[in-house]
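Nothing in this text is a laboratory measurement; each read-out follows from the coordinates by a stated rule. The structure displayed is predicted, hence computed values, not measured ones. FYI the Cβ positions are ideal-geometry reconstructions off the backbone, even for glycines, and counts take in every protein chain you see.
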Amino acid sequence: MPPTSPSSRPVRILVVEDHDMVAEALCLALDRSPDLQIVGRAGSLAAALVAAGQHEPDLVLMDRRLPDGDGVGAIADLRALLPDVRVLVLTGEVSGSVAARVAETGGAGLILKARGLRDLEDAVRRVAAGEVVFGPDLLGDVLGHLTGRTPGLGANLTPRERETLHLLGEGRGTAEISELLGVALNTGRNHVQRVLEKLGARSQLEAVTIARREGLLT
């Protein structure tokens, strides 16, 4: 049988995740694909560096929060050890600043744990092929940080979120906002919550105050 060429061999993956059940599920899901191969597991940053040196993976799938530190902070160490390794970060929550840190330290992408296994497999393949994987709502922050042009606060609000913000500025409550937007109450709550998250506010009043300060409301 002829030897496997580098271009056709499976993508060698190191999984770095401290929760055993999650790690096992990730390994089982990815290892079932013939073009993906799990070569090692680690449950901490220190163990990840040791395993990376032993197994020389093509790609490291790494949880952001680990017992001995932030996974994003270990990207530079992994790439110093293996300059060609690709690092895809798993996270429970995401923000533009975190995505920018991943990109700045040489990471190739960021994916939410809540995404399905099919999305994860797709992200792994794309990262292994040389792409960067960030959601469309994060690309502006990533590019802004990399080019030194950080967008202003609220620049990533969607049109519907801007509409929600203006209604908050008029003193409308969540129920009234939902009715005016023609959406269910839960959907209205979600719009309000995303506005607060993107403005870094802890309350609707603080969101309006920040928006007025930033010129988003007059």
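What to note about this one:
- The sum of -39500 (n - 2.57) across all DSSP H runs of n ≥ 4, divided by the residue count of the chain, sets its helix-only mean residue ellipticity at 222 nm to -14500 deg cm²/dmol.
- Mean-position separation - Cα centroids, the range 23-41 and the range 183-205, in angstrom: 37
- C-alpha long axis of helix 136-147 to longest principal axis of the chain, angle in °: 80
- Rough spin-label spacing in nm, given labels placed 7 Å along Cα→Cβ, for S203 and A114: 2.5
- Shape box of the range 43-114 [Cα atoms, principal axes, largest first, Å]: 32, 23, 18
- Distance histogram in 10 Å bins (all Cα pairs of the chain, percent per bin): 8, 29, 27, 19, 13, 4, 1, 0
- Structural descriptor for the chain: relative contact order 12 percent, calculated from alpha carbon pairs under 8 angstrom and at least 6 residues apart.
- Cα gyration tensor shape for the range 79-137, rounded if a/c is under 1.5, else prolate or oblate: oblate
- On the principal axes of its alpha-carbon atoms, the range 1-77 has extents of 44, 26, 16 Å, going from largest to smallest.
- Contour minus Cα-Cα distance for A25 and V132 (0.36 nm per residue): 36.1 nm
- Added length on full extension, which subtracts the Cα-Cα distance from 0.36 nm per residue, R125 to H166: 10.6 nm
- Note: relative contact order over the range 70-118, using C-alpha pairs below 8 Å and six or more positions apart, is 42 percent.
- Length added when fully stretched, S97-N190, from 0.36 nm per residue minus Cα-Cα: 31.4 nm
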